[in-house]
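Visitor: Got a structure for you, questions after.
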Ligand SMILES: Nc1ncnc2c1ncn2[C@@H]1O[C@H](COP(=O)(O)OP(=O)(O)OP(=O)(O)O)[C@@H](O)[C@H]1O
Ligand SMILES: [Mg+2]
């Protein structure tokens with residue numbers, strides 16, 4: 001049985017694509033056959049973050065329309081053994097995604113032995129975002145510690161629990177929060193919402209905190225998902241998040257200014 | 001409120017302000033979200049019935065649905081005009 005995970009946020013530019021690339025790479029590197037699908041029709045970006053933009057021949061919409069089969073459209077990642085990318089189309093209109101079409105592709109992927117299907121959602125709460133979340137078993141809600149992002153996250157959580165297929169069947173979508181672009185220095189100065197604040201407001205299980213890091217831009221410049229940068233705090237934080245996603249208990253890191261100081265011990269909490 | 005409290009609240013950091021604002025807006029929006037679709041129409045029809053007897057404005061009739069565990073309470077608040 002494949003597990004379908006949507007990476008969503010409501011607000012744009014908070015780090016969904018960065019997260020989808022990192023998390024899918026991380027899961028694949030742990031030995032699970034994984035596919036990451038770009039649902040941002042018309043604005044594809046996952047391909048360039050994963051350095052496969054020159055290998056795109058067919059896309060998601062081509063497969064839905066029967067113009068290509070999955071085997072032709074899936075791009076095998078050059079870094080992670082078990083990872084495949086299904087790119088979004090660049091030109092078609094976004095209504096090309098239909099519930100039936102998306103369902104058929106997801107079923108085919110599951111039948112093909114994919115264990116994890118990661119759906120990189122576009123921003124907003126329109127058709128594309130809805131399609132990305134509709135079939136999800138689990139949602140990673142990406143938020144930045146900032147008022148509009150947190151508010152939008154709450155809206156997305158509401159939509160997930162009312163409009164998704166699971167919700168329609170009276171079940172819950174498993175949801176978790178990934179707080180990205182976190183700056184512990186600014187939190188300490190009272191200039192930025194802290195993890196506890198956001199957790200308290202959204203009342204959602206914390207998957208991880210990804211610090212604001214220069215290495216994220218460096219990684220995207222080169223088309224290497226940041227999780228491959230094992231020296232980088234962001235890479236390590238994503239790696240921890242993958243462990244938690246796979247059921248391991250890993251303590252949260254990168255949440256305070258000093259890694260080993262008293263500060264950390266004071267603020268450490270089991271989330 | 002002492003003068004010290006005043007200075008303390010005046011110096012409240014921006015993250016605390018953000019948190020307070022978010023708590024209020026999120027609570028409000030969650031409340032809106034759980035409202036059944038028929039509520040606006042119900043409010044309109046109630047208003048029409050009331051108007052047969054009393055002259056009230058739209059904003060003088062407030063309909064609110066609150067969920068308490070497994071039962072919901074429909075609260076109707078009508079502000080009647082001043083008696084003359
Ligand atoms: N932890 C981080 N530290 C620093 N920069 C980051 C971090 N996470 C994301 N960014 C930067 O934020 C920008 C937006 O990221 P990304 O494209 O992943 O967001 P998105 O949510 O997918 O956007 P969209 O809504 O447009 O699809 C990028 O420039 C990325 O490099
Ligand atoms: Mg994106």
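Visitor: What percent does the relative contact order of chain A come to when contacts are Cα pairs within less than 8 Å and at least six residues apart?
Guide: 23 percent
Visitor: Continuing with the same structure: Hey, got the average number of other protein chain Cβ atoms within 10 angstrom for residues in B:14-26? Walk me through the intermediate numbers first.
Guide: Numbers: counts 6, 11, 3, 2, 11, 9, 1, 2, 12, 3, 0, 5, 10.
The shielding value for this peptide is 6.
Visitor: As I understand it, the value is the acute angle between the Cα axis of helix A:147-163 and the longest principal axis of the Cα atoms of chain A; what does it come to in degrees, rounded to 10?
Guide: 50 degrees
Visitor: Helix-only mean residue ellipticity at 222 nm, chain A, DSSP H runs n ≥ 4 weighted -39,500 (n - 2.57), per residue, nearest 500. What is it?
Guide: -11000 deg cm²/dmol
Visitor: Here's another thing I want to ask about it. For chain B, find the longest principal axis of its Cα atoms and tell me its angle to the long axis of helix B:39-51, 0 to 90°, nearest 10.
Guide: 60 degrees
Visitor: What's the exposure ranking of A:244, B:33, going from fewest to most Cβ atoms within 10 Å?
Guide: Final ranking by Cβ density, sparse to dense: B:33, A:244.
Visitor: For chain A, set up a GNM with springs between Cα atoms under 10 Å and report which of A:74, A:217, A:86 has the largest fluctuation.
Guide: Among A:74, A:217, A:86, the largest mean-square fluctuation in the Gaussian network model of chain A belongs to A:217.
Visitor: Also, I was wondering about something else. Among A:237, A:68, A:129, which one shows the highest mean-square fluctuation when chain A is modelled as a Gaussian network with alpha-carbon springs under 10 Å?
Guide: Looking only at A:237, A:68, A:129, the largest GNM fluctuation is found for A:68.
Visitor: Here's a follow-up. What list do you get for A:24, A:153 if you sort them by fewest beta carbons within 10 Å?
Guide: By the 10 Å Cβ count, ascending: A:153, A:24.
Visitor: Could I ask something else about it? Looking only at A:75, A:85, A:48, which one moves most when chain A is put into a Gaussian network model with springs between Cα atoms under 10 Å?
Guide: Ranking A:75, A:85, A:48 by mean-square fluctuation puts A:48 first.
Visitor: Across every pair of different alpha-carbon atoms, what Kirkwood hydrodynamic radius in Å does the protein assembly as shown reach?
Guide: Working: mean 1/r = 0.0445 Å⁻¹.
About 22.5 Å, per the Kirkwood formula over Cα pairs.
Visitor: Just the number, please: percent antiparallel of the DSSP beta bridges in segment A:56-190, rounded to the nearest 5. Write out the running numbers ahead of the final one.
Guide: Values: 2 of 8 bridges.
Beta bridges within segment A:56-190, antiparallel portion: roughly 25 percent.
Visitor: Something else about it: When DSSP assigns beta bridges and you keep just the ones with both residues in the protein assembly as shown, what percent turn out antiparallel, to the nearest 5?
Guide: Approximately 25 percent, going by the DSSP bridge assignments.
Visitor: Quick one: helix A:233-245 against the long Cα principal axis of chain A, what's the angle to the nearest 10°, folded into 0 to 90?
Guide: 70 degrees
Visitor: With the contact rule set at Cα under 8 Å and sequence spacing of 6 or more, what percent relative contact order holds for chain B?
Guide: About 18 percent, as a whole number.
Visitor: What is the fewest-to-most order of B:80, A:109 by other Cβ atoms lying within 10 Å of their Cβ?
Guide: B:80, A:109
Where a number appears in this text, it was derived from the coordinates with a stated rule and is not lab data. The structure displayed is predicted, hence computed values, not measured ones. Neighbour counts are summed over all protein chains in view; Cβ atoms, including those assigned to glycine, are modelled from backbone coordinates with ideal geometry.
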